């Protein structure tokens, strides 16, 4: 009711659900009654600047600076929400992983013996992406070598980072 607005209706002709005519006015009334809030139907477009030319059918997304990045969309080819996934990332660090034969959130379930090869590949891909991102942002601890007593260090310009020696100039460039 406050940020992500899903325009979902049904007619019981082209679907199996009871007729439900979704409107912004109806959503406003329901959210006010249930939660005492008014939905902001333009929140995602204004905040994230994701422009879609149409609803569903793999909407193209527009590059935006409003989102920090490192976003992963995973979707199953049997997921009814799969049509809402952007067709491609709008930045190098926006990844989209297709799960062949996967259903809604099936890639988030605990792996099991019934998993298809496509599911196993998709999970391995997701794991690799997340692992790469974690390594990119993992803080690196540096320790300066201090002289002991009145003696100077044999290598005064070096730092140690998890057992690897780095020259101070190379480390300063990071």
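None of the figures in this text is laboratory data; all of them are computed from the coordinates on show. Since the structure is predicted, the reported quantities are computational estimates derived from the model, not experimental observations. Here Cβ is always computed from backbone atoms with ideal geometry, including for glycine, and neighbour counts include all displayed protein chains.
Brief remarks follow.
- Contact order normalised by residue count of the range 1-41, Cα under 8 Å, 6+ apart, percent: 48
- Residue 24 paired with residue 47, simple spin-label distance in nm, labels 7 Å along Cα-to-beta-carbon: 1.8
- Sites residue 17 and residue 77, calculated FRET efficiency, Cβ-Cβ separation with R0 25 Å, nearest 0.05: 0.65
- Residue ranges 79-88, 94-103, 20-29 sort as 94-103, 79-88, 20-29 when ordered by packing (mean number of other C-beta atoms within 10 Å per residue, highest first).
- Under the simplified labelling scheme, the residue 91-residue 130 pair shows an inter-label distance of 2.0 nm, with each label point 7 Å from Cα along Cα→Cβ.
- Residue 36-residue 121 FRET efficiency (beta carbon distance; Förster radius 45 Å; 0.05 resolution): 0.45
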